[in-house]
Structure formats: structure tokens, C-alpha cells
Protein chains: 4
Amino acid sequence: MLPVSNPHPQFSITRASHVVLGVTDLERSRDFYRDVVGLVVTEETDTTIYLRGLEEAAHHSLVLERSAAAHAHRIGLRVRSDEDIHAAERHFAAAGIEHRRVERDHQGPTLQFRDPVGTLMEFTSSMDVVDRKMQNYDEYRAGFPQRLDHYQVVTYDVQTATEFWTGLGMRISEYTATDGSDELWGSWMEVKGNTHDLVFTNGRGPRLHHFAYAVPDGSSLLHAADVAGAMGFGDEIDRGPGRHGISNALFLYLRDPDQHRVELFNTHYQFIDLETPPIRWDISNARRAQLWGMPASNRWFFEASEFPGEAVQDPLLTATPQTLETYLGLH
Amino acid sequence: MLPVSNPHPQFSITRASHVVLGVTDLERSRDFYRDVVGLVVTEETDTTIYLRGLEEAAHHSLVLERSAAAHAHRIGLRVRSDEDIHAAERHFAAAGIEHRRVERDHQGPTLQFRDPVGTLMEFTSSMDVVDRKMQNYDEYRAGFPQRLDHYQVVTYDVQTATEFWTGLGMRISEYTATDGSDELWGSWMEVKGNTHDLVFTNGRGPRLHHFAYAVPDGSSLLHAADVAGAMGFGDEIDRGPGRHGISNALFLYLRDPDQHRVELFNTHYQFIDLETPPIRWDISNARRAQLWGMPASNRWFFEASEFPGEAVQDPLLTATPQTLETYLGLH
Amino acid sequence: MLPVSNPHPQFSITRASHVVLGVTDLERSRDFYRDVVGLVVTEETDTTIYLRGLEEAAHHSLVLERSAAAHAHRIGLRVRSDEDIHAAERHFAAAGIEHRRVERDHQGPTLQFRDPVGTLMEFTSSMDVVDRKMQNYDEYRAGFPQRLDHYQVVTYDVQTATEFWTGLGMRISEYTATDGSDELWGSWMEVKGNTHDLVFTNGRGPRLHHFAYAVPDGSSLLHAADVAGAMGFGDEIDRGPGRHGISNALFLYLRDPDQHRVELFNTHYQFIDLETPPIRWDISNARRAQLWGMPASNRWFFEASEFPGEAVQDPLLTATPQTLETYLGLH
Amino acid sequence: MLPVSNPHPQFSITRASHVVLGVTDLERSRDFYRDVVGLVVTEETDTTIYLRGLEEAAHHSLVLERSAAAHAHRIGLRVRSDEDIHAAERHFAAAGIEHRRVERDHQGPTLQFRDPVGTLMEFTSSMDVVDRKMQNYDEYRAGFPQRLDHYQVVTYDVQTATEFWTGLGMRISEYTATDGSDELWGSWMEVKGNTHDLVFTNGRGPRLHHFAYAVPDGSSLLHAADVAGAMGFGDEIDRGPGRHGISNALFLYLRDPDQHRVELFNTHYQFIDLETPPIRWDISNARRAQLWGMPASNRWFFEASEFPGEAVQDPLLTATPQTLETYLGLH
């Protein structure tokens, strides 16, 4: 059964907020995100570098932490207000979700937790306000990334993950399912009125597949690819430029020096009206993955960033070899 | 005083929904919006033509009504659900806002009203669902318009209009004010998390200055201009391409055969977090109107579509001739 | 030895002019080139369809001929004037190049010949003049193709082909060679002042690898890909979008219903000054093929259109398996 | 009478090569061309700065000379080889054209002269070769200017100028003329196979109206405008973005700190075949100047850079006030 969004959630999630990555060489990763992606460096310490998109007034949407291992440390979502943090706390306590308050520099009240499929997450209700750089066009570089938009997480149990998050008010805009059944292979869920803020896809998990920044247009994507090529990261494009069937995004995927994956994309559509049903894609439909062009690399399909201390489990749903070939677009 | 958004409005407005225009030649106007703008025709009757943007699943976002006079008949906003229509009715009754239920083809419950500055509006909670055309790329034409985004209304009293709409939960993202004072000359208000859904600017009003469709990128704007030129509407571009300081929109304004004005634009920024303050622009700051390039034509500044039966009033605030010159970017 | 351009050729070649393809279903191929590529149909007969790019004032740059087999019938080049046709005739007679005058509808004097590696070609000095459609922006479709630009031919003997064509005044802008030697693997030759009009690459030949149309910008390429996807030709993109190291072209390759290959590209650079040396690329340098992104499909590397009656020969130069892997970008 | 290109000129001109500007503040002008336009600085001395476009392998296409007055010092064209310099010398001597050999750093043999309408020019046959930067995408800035393309000169006698240059082999691609007569108001002449290398328009002259760099696409133009706005040069856009009827160029015009004018443009069409007639535009046809959008500023029409020591003369042809209004697009 396709889960339905809870119309009266206990608290209000507003958007994807910030991703925290463990990186093994802080300077090298900063250079990548600043020069090859085009993010703005807000602040640097000996152990941590904070970056943001060009239009973002929040202190950070990407945090790089010096680390021995290249893990995805956690992904962050915004809630509306401090009161929503309290409400989330009460709800998690009642629902038996492991959680705790944490202190985070430059963030307001912050609640860390793991969702039922082991994704390490945190909610926060505010951040230090900094200047929007969107009109500093002379500082635009590479992909002109404007703002963090969404996450994709690989999970061993899409159904459970989807039930949890729709229970918190997220709404499914699109989903993939086994042909002729309701077995969920992927769910695209949103809170901010476009196609997705949080995506779960079937596979060995929990692992962070990618986080995504919105760019102004297709030419930004092409320029990002050109800059990546010029700076020696041309081979680190493991998919795209291409157009997803799902969400209609024009995309480019890049791997950072620790092989974390970042997406640059354009042109999600609006998804607000309640009468609009989610779009279903059979997993045998290759247009799901790309409307045109060559299939993704195997790297794109099978590699992702683990979370520290979270054991990766095999997916509950498995495909026949034939289905898998179709799924990978190898038909 | 700058009005502050009511954090707990009595009902939930979700987005700009549909504009209804009186046009004197139905076929000529349809051809314009289909061929020069690129909208999709959903349905035609003898008296009415319904159009929508390429990605829109709602039956219409533009309605053309055969009419003796070229008026803006009304502008529509969406509310979340039928219950919000009831709540709006109760609220308007209590607040003394003139309103009435109306039957509209292809729309759910619909409430018509005039706001305190005479803008003719209607709320609806749903529409007939139709196919999104966003992946029918072979049907893309002209500006590739994706979805209706916002309205700009000229009013004789920006302060009153702004207080009304912030009272219904809209939030000010940017505003213009007399230098060194709090006299509001324009307010950009949003409900859907980007810079504006409804804008009021100072002038003879109420008049509809324009309605705006979002396009995928800057090259769509340029192609729209090229198509307009090829089809004999090159002179009907009364502003742009250019970049507004306010909202950072890359814009192109076109006049239709009845001189109604439609904007095509790209790259609004996201405005969701409560800690982010609105941006203030002094009216003497010409970058407000365009970050670069030539000033708007006088037509753009002084012409707009009247609402039927609503007397146009002179603005309460007036500028010195010097200020006006700066305002018009004629410095 | 790298051949050097003859500074005083016996006649003046000016540009790539027209390609003639045998197609097995005339209507289906016309629909592809008109709707998926965006070419203009100049004229149709029962057996032949003539098309051209949007800016072209010449009657045709692509000719589709109803045929039992999907061959490349011939490729055409322009010479400056009728006198150049006579001079070419004299030169070919003296040089022992098989040639003959032919009558071609809508073309001036035309000389058919085969070059020393078996490429079927013809020179013509003029064509019927038709309207340039470049300002009919309302008729622009798909990739907005402006003009035929160049050909790439697979040959078993790049050295011989290159010596022949440089002897006729073509100039090498870039070339590929075995690492540390002068063994030519590919030569990019030009007459009109940008990087290439005629390219020969090493492989089983003679076969036409592709012909290429110039498009206005990167967004045209992306729109062409979107339209291809929407019209069911998404899988017929066998390479790109991507950026070649050689020539710096931003490219998209599409296969037509008979598997002839057409390239859409943008941003060749200018190559006019005599003091500028050609650029050499070792075949082990994968950036040669793409500055970024995923390698071409095997289809792109190994499939091409044969010429009728011309036996395909194995290349004189062969690569070690390791070199071949690098050549294919599979490192 | 419209002059016809000399099919056998005494020497071979190949392209627009380099413009030399007197500037009053060397550093300020360098910063403008590097940061607001995006040119590459090749070399700096105390008195002279050399710049080039991203793809150019020639040492310079723009030379800034420290100067008390903001004059256009001269404009340069390339000839094919040293022998063409000799041939030009012989031809000018026979034809009574004032000329002299000059030594120019980084240039081969160079011949300075004034054409019959007083334009200060020089021919050179080669330059020092430097690296093409076109694949250093990480160094791309502002408008991504690729190469110098053409000049526009205001002259008091278009007929005489056109006769001189067509006599040297230039070919008219488009021209403007008084309605119903052959009075030449402007001539667009080319040698390199696209629409123009040298343009003369009617007015007070000789003055350099602008020099133009080709950019990769429309989005480069928009980004250049955004960067200009961000760096305080937004008001120095005195025309565009817009589309000329003549030449079909998508254009943006910027004034430098001394008010010299530089154009960034895209999408000239190819003009090679001899059977293609030039395009005629009546001066009353406003589409000549722009296919769409607002007319140029008066600054664009009436301001231009004088040459040192060359008296500016009133044009031989004058327009009626009505014609002038149309000419200016003020209809």
C-alpha cells in the first residue's frame, strides 16, 4: 500500500537544510566544493568548513568535517520554529524514536535522531543569517549553485522509510514500484511544494546516495561539467548531463575527492495541490531513469556514502536479473 | 510600520492559481498566449478559453473571456482544501469583507471577494486534474512557460493592501519604501516559499500590472523574445530582458493584443526560513528596478489593466518629480 | 610525416555542402530530420526529400533518397565558382582521380569523384537560392540546426586521405597520432576558418561516421535531447551531451531511423592564421575524446554508414588492446 | 550603385585582428576588460596592456595604451602572409593611399594606413603565438569572450568607404539604404565567411562605434550583463540584450571606463556562397535595428570614439526628421 501523507503532522518540516560530510582532506574537499561546484565558503576552522549556495541566507548547507573515514555524518532538515523542535521531541519520545538534543555552532535548537531505517538526521529551527550572494554575479563560479534542495538515501526498506516520513507530513510526488504490484522501490517525498526534499531508493542501506543543489539553468550544468573537466574532475562525473523521467530534473552528478556524490540540477516542477495524485513508474520503465541518452554508470547505481556506525543491510526487495538489467537501463 | 505576517492565519493560502482576462478578440488572444507565450490550450468554448503552463496539472491558470472591454476580470489564489474555503468565508464575514460563493467550471468550491483596495479576487480549493505536459518537449513553444507564479497589482494604498494580506498569512520578502521612512511603496509577499505570489506597488489603482509565468532558463526568455519578434509582437515587449534587483528575477514583459501584460521570468530565490528578514529597497535606488541595462519604458510604468466596475484612485503617496525620475530609472 | 597544406591549390574548396543518404522509409526519415533534429524541408518528390538548416540560403544540405539499403550515397563540398569545377576536372584528370560530371537538380555544375580511400564525393559550385529561415523563430524546432558544418569519415588509411586533401588546400587544425610517433590516427582538416570541414579517423572504411549541424548554443543541444526523448528517440543518442577535447565542440550525436548518425554541436573555434600550428593529441590521451563525462558507447565507436559499392577495408594501423581501451576511454 | 566585391583582390585580407585604444587609466581599463568582459591579459608594460579572447592563439586582439585622451588609436586587420603585406604596400602606393611600415611588438610585418574616409588602420600578417585558453574553463569570467570578430565605424561617406573595401575583396552581406533608392546608409562587409568583419554606418565620422567579441551563447550575454551590474557597470549597457535584424546577432553593448564601446554577440550566420545576394534593409524598417524589444539609447546612436588627429565630418547623407525617428526606432 502506498502510504498517504499525514495531513496534520505533529510538527512542521519545511525543507532540506544541511548535509554534514566526513572528509579525509579538508582543504582538498573545500577546493572541490568551492571551485568545481561553486559553493561559497562561509567559515573555516581547523576541523570544520561551512559552505552555502549563492542565494542562501542561512550560515551553511554543507559542512565538511575532518575525519579519518569518508562517511556521511548526517543530513539535516529544517522545522518551522523552535516550538516545532519541542513538538518533534515529544513525538519521537512517544513513538520510540531514538533522539537527543545537540549543540551545533551557528544553528538554533537542534534535535539529532535516526529514522527507522537508520538514516542519521537532525532537525534545526534556525541558523545564523548571512548575506545572500545571489547578486554578487562576479563571484559566480562553475555550476552557479543556488541552494540545497534535496537528499537521496539508499535503504534496505523503502516501505518503512516512506511510512515514517509521510507520517511526519511528507507527501509522495512520484514513486517506483514493481510492475503490477505495490512493492515500493523508490519514493520521492516533498514538503516545500516541489517534487522532492527526501528520496528513498531500494538497495544496500542506509547510505547517502547524493545531496543536490539547484542551479539557474541548463547552461550552468554544462559550465560545471566544463570546469570539472578543466580541473581534472572530468572522470568524476558519474552520470549526466541527462534528464530524469522522475521529477523531470535536468541533472549532473559529480563525485567529490572522497567519492561523496553531489547533484546539480534544474527544473523540478511544482507540487502543491492536494488533488494531484503522485506519478507511478514501473521499475521496468527505463524512461524513469532517463528520458534520453546513455544509462548511468555502474558507479552511480552501486556506490554511496555510508553513515558512521550504521550497519549496511541488504534490501528486503530483490529483483530478477532481467528486471535489474532493465532497472539499470541496460536493455 | 512594516506589517508582520500573521503566524496563525485562519485559513491556508497556497499559491497564485489563475487569472481571468476579458479580451476583445478571443481567437487572437488565444493565438498570442499559445504561439507567442507558449501556453497549452486545455479547453475552448464559444465564450471562454482555458490555458495552462506546460507543467501544470490543474485545468487552467489563464482564462480568456470574450468581452467588450479589455479588463482584468479577477485573479485567483488557491487555498489548501475545501475546509479552508469555509474558514475564509467565516473570516470574511467576521471581518466585513464583501464576498460570495460562485460556481466556476472545472473548479472546486470558489469564493469571490474584493480586498480592501478593490482587487477582484477569488479563492478556490481544487481544479480538474489534467496531464502535465512538461515531458512533451516536442510541444514546447516560444517561452516554454511552466507555471503561473505571481501577480503584481497597482494600488493607491500599498500599506492597507499589505496589512490585509499579511493578516491572511502572507509574508513580506522584499519591499520598497521612501528613503529614510517607512512609507511603503511596494510589497512583495509570498506564501509558497519563494519571493512572491502577490505584489502591490504604488500608483493609480486598483489595476493588474501583470501576471507571471516561470520559465526554465534564460535561453527560454531569449527564445520567447525571438518568437515574439518573428510573429510581429517585437514592439510589445515593454521591458527586458533584464534583471530586477528586487527578487533577482530575470524578466521579459510582453503585452497581449488587448495590452494585458504577461511576464516571463526565471530564478526567484527561496524564502522559507522565519529568521530571514525582508529586504528593504529605498525608492531612490535604481538597482531596485534593474541591476543592469536600460530603464523600463513609460508604458511599463504607467499602463495596467483595470478591473471591471472598480474605480481607479490616485495614490495616497506621491513622489517629488526628482524622486519619480529616480524611481523610473531616468537618473 | 604530418602532411602540410598546399598553399596554392589548383582550385578553391569553400565548405561542406550537402550529404546524400539512402534511406529505407522516406517519410519516417523526413519526420526524424524535421521534428527530432529541426531541419527545414525545402522540397519533396516521390523519391527524394531535400532539407536544409535554418540559416541556409542554399536549396539543400541534406538529401534523403528512397533506397533499398541504408547507405551514405555521397558527401558534397562546395567550390568557389564554376571555374573551380573546371580546374578540379583538369586536376583530377592529371592526377588520375576517377571523376565524372553529373546532373543534379537544384545544383550548378557538379563533379562526382572518389578520393584515394574510396570516399564518394561531389563538388558543386552553386545551388538554387532559397529563403534563410533564421529569423522565422516561430518555426524553430528541436535543436535549432543552423547549417551543415562538417563530415567525419572512417578510413583504413588516414595518412593517404590526409595527404590527398591537404594537397587540395585543406589545412590540419588538430590530429591524433600514436604516442611518440607520427602515425596519423585522425586528422581534422578545414577550409573555412574554423576547426574542421572534413575529418578522417582510423578504422574499417570507407564509412561515413557522421555529418554535423551547428546549433546556436548549449541549450539547443539540451532541447534537442529532450525532444528526441519525447518522440521516442532517446535511446538513439549514442553519445553526449559532452565536450570533445579535439575541436572543443559541445556535442550531441543522434542516430536516424536507418542508423545514419548526425551530430549537433556548438562552439568550434576559429582557425585562420597561418602561424598557428595544429594541435597534436596522443591517442592515449582520453581527454582527446571528452574533456568530461562518460565515454562514448561502443555503437558510437564501431558503427558507421557504408558507401554503396565501396568495399570496407581493415585499417592499416592497429592498436594494442591496451591502447584500444584507452582510445575508447575505458581506462 | 551597390559596390561589388573585387573577385581578384591584390592581396588577401583574412579577418579583424586587433583594436588599439587610448585609455586614460590603464589599470581601470584592464580591470574592466578582464573582469567585466572576461578577456585574458597576455602581457602588461608600464604603458601598454595586451589582452585576447579565450580561444585566441594570437598574442593580442585588444591593446590598451595609456593616453591623455580617450581615442581609438587604430584598428587592425590580418592579411594572409608576409607577401600580402608587400602586395598591399605596392597597391596602396599605386592607388595613392597614405601608408607606412611600422614596428609593433609581438606582430609580424605591419603596414599602417588611413582609408579614404579617414579610418586609422593597420594590416599585419602574423603575431606571437600564445596558448589558447578555451579549455581552461575554470578561468572563464563574465561574458566568456572567445575572439575578436568585427568593427563598426561611423563615417560621413558610406559609399566611398564601401567602394574602397569591396575593392580590396570584402563582400557585402547586408546593407541599409534610403527607401526606394540606392543611397547607402550602412554596409556590412565580410572576408571570413560570416556576416561581417567591417561595418560602416552613416553619421559624423570617422569614429569607431564599437568592436565586437563573439561569445559562446545567449547565456554568456546574460551572465556578462549580470556581472556588469554586480561590478557597478550596469548603467554602461547602452543597448541590449537584443536581436539585430541585420546579421541576426544577439547582442549586448557595454561602454568601458573611457566610453569606448564593446559588443558581445552570438550567432552570426555563414556567408560564403557567391550566388547568395546581400540582404537589403530600408532605413525605415525598424526591424533592421532590433527584431524585438526596446530601441537603443541615444547614447548608442550618437556616441563613438574619435581617432586621434582625424577631423570628424558631418555625413553627406542626411535624413528627414521623420526618417530619423524611424531610424532610431522611435516610431
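Quick note: the coordinates plus some simple rules give every number you see, no bench work behind them. These numbers were taken from a predicted model, which means no experiment stands behind them. Here the Cβ positions follow ideal geometry from the backbone for every residue, glycine too, while neighbour counts run over all protein chains shown.
Using a 10 Å cut-off around each Cβ of peptide C:263-276, what is the average number of partner chain Cβ atoms that fall inside?
6
Give me the inter-chain shielding for A:128-140: mean count of other chain Cβ atoms within 10 Å, whole number please.
Mean inter-chain Cβ contacts per residue within 10 Å come to 5.
Got the relative contact order for region C:145-327 handy, in percent, Cα pairs under 8 Å and 6 or more residues apart?
So the answer I get is 27 percent.
Name the residues whose placed amide hydrogens come within less than 5 Å of the amide hydrogen of D:Trp281, ignoring near sequence neighbours (fewer than 5 apart) on the same chain.
Distant-sequence amide H within range of D:Trp281: D:Tyr175, D:Thr176, D:Ala177.
Which one, B:Gly293, B:Gly234, B:Gly22, has the greatest fluctuation when you compute a Gaussian network model over chain B with C-alpha springs under 10 angstrom?
Its mean-square fluctuation being the largest, the pick is B:Gly293.
What residues have an amide H closer than 5 Å to that of D:Val79, excluding those fewer than 5 places away on the same chain, when H is modeled at 1.01 Å from N in the peptide plane?
Answer set, sorted by chain and number: D:Thr14, D:Thr124, D:Ser125.
Please report, to two decimal places, log10 I(q)/I(0) for region A:135-174 at q = 0.21, 0.23 Å⁻¹ as given by the Debye formula with identical point scatterers on the Cα atoms and no solvent.
Once normalised to I(0) and log-transformed, intensities are -0.75, -0.83.
Before rounding to the nearest 500, sum -39500 (n - 2.57) across all DSSP H runs of length at least 4 in the protein assembly as shown and divide by the residue total; then give [θ] at 222 nm in deg cm²/dmol.
Taken over the protein assembly as shown, the calculation gives -4500 deg cm²/dmol.
Can you tell me the order of B:131-143, B:83-95 when each peptide is scored by its average per-residue count of other Cβ atoms within 10 angstrom, highest first?
Per-residue mean Cβ counts within 10 Å order the peptides as B:131-143, B:83-95.
Please compute the contact order of chain A in relative form: average sequence separation of alpha-carbon pairs under 8 Å and at least six residues apart, divided by the residue count, as a percent.
Over chain A, the number comes to 19 percent.
Leaving out same-chain residues fewer than 8 places away, which lysines sit with a Cα under 28 Å from that of B:Lys192?
Qualifying lysines at Cα under 28 Å: A:Lys133, A:Lys192, B:Lys133.
Put the label 7 Å from Cα along Cα→Cβ for B:Asp25; what are its distances to the other copies, in nanometres, shortest first?
Relative to the other copies, B:Asp25 has label-point distances of 4.2, 5.4, 6.7 nm.
List every DSSP H helix in chain C whose Cα atoms extend 15 Å or more along the helix's own long axis and whose mean Kyte-Doolittle hydropathy is at least -1.0.
Going by DSSP H runs, the hits are C:82-95, C:218-230.
So for D:Asp258, A:Asp25, fewest C-beta neighbours within 10 Å to most, what's the order?
A:Asp25, D:Asp258
Using a 10 Å cut-off around each Cβ, can you sort C:Ile283, A:Ile49 from fewest to most neighbouring Cβ atoms?
Fewest-to-most ranking of C:Ile283, A:Ile49: C:Ile283, A:Ile49.
Compute the label-point distances linking C:Asn136 to its equivalents in the other copies; points lie 7 Å from Cα along Cα→Cβ; give nm, one decimal, shortest first.
Ordered by increasing distance: 2.4, 4.5, 4.9 nm.
Report, in whole Å, the centroid distance computed from the Cα atoms of region A:230-276 and region B:52-89.
33
So which residue, out of B:Gly232, B:Gly205, B:Gly118, gets the largest mean-square fluctuation from a GNM of chain B using Cα contacts under 10 Å as springs?
It is B:Gly232.
Ignore the peptide's own chain and count Cβ atoms of other chains within 10 Å of each Cβ in A:70-80; give me the average, rounded.
1
Specify, for chain B, the residue whose C-beta is closest to the rotation axis mapping it onto chain C, with the distance given in whole Å.
B:Ser219, 2
Determine the distance separating the Cα centre of region C:159-184 from the Cα centre of region B:286-302; give it in Å without decimals.
When both Cα centres are located, 56 Å separates them.
Kindly provide the chymotrypsin sites (Phe, Trp or Tyr not before Pro) of region D:1-89 that DSSP labels as loop, not H, G, I, E or B, and whose Cβ sees at most 10 other Cβ atoms within 10 Å.
Passing sites in region D:1-89 do not exist.
Suppose you put the label 7 Å out from Cα in the Cβ direction; list, shortest first and in nm with one decimal, how far A:Glu103 is from each other copy's label.
6.6, 7.3, 9.5
I'd like the FRET efficiency for D:His8 and D:Asp105, computed as 1/(1 + (r/R0)^6) with the beta carbon distance as r and R0 of 35 Å, rounded to 0.05.
Step by step, r from the Cβ atoms, then E = 0.55.
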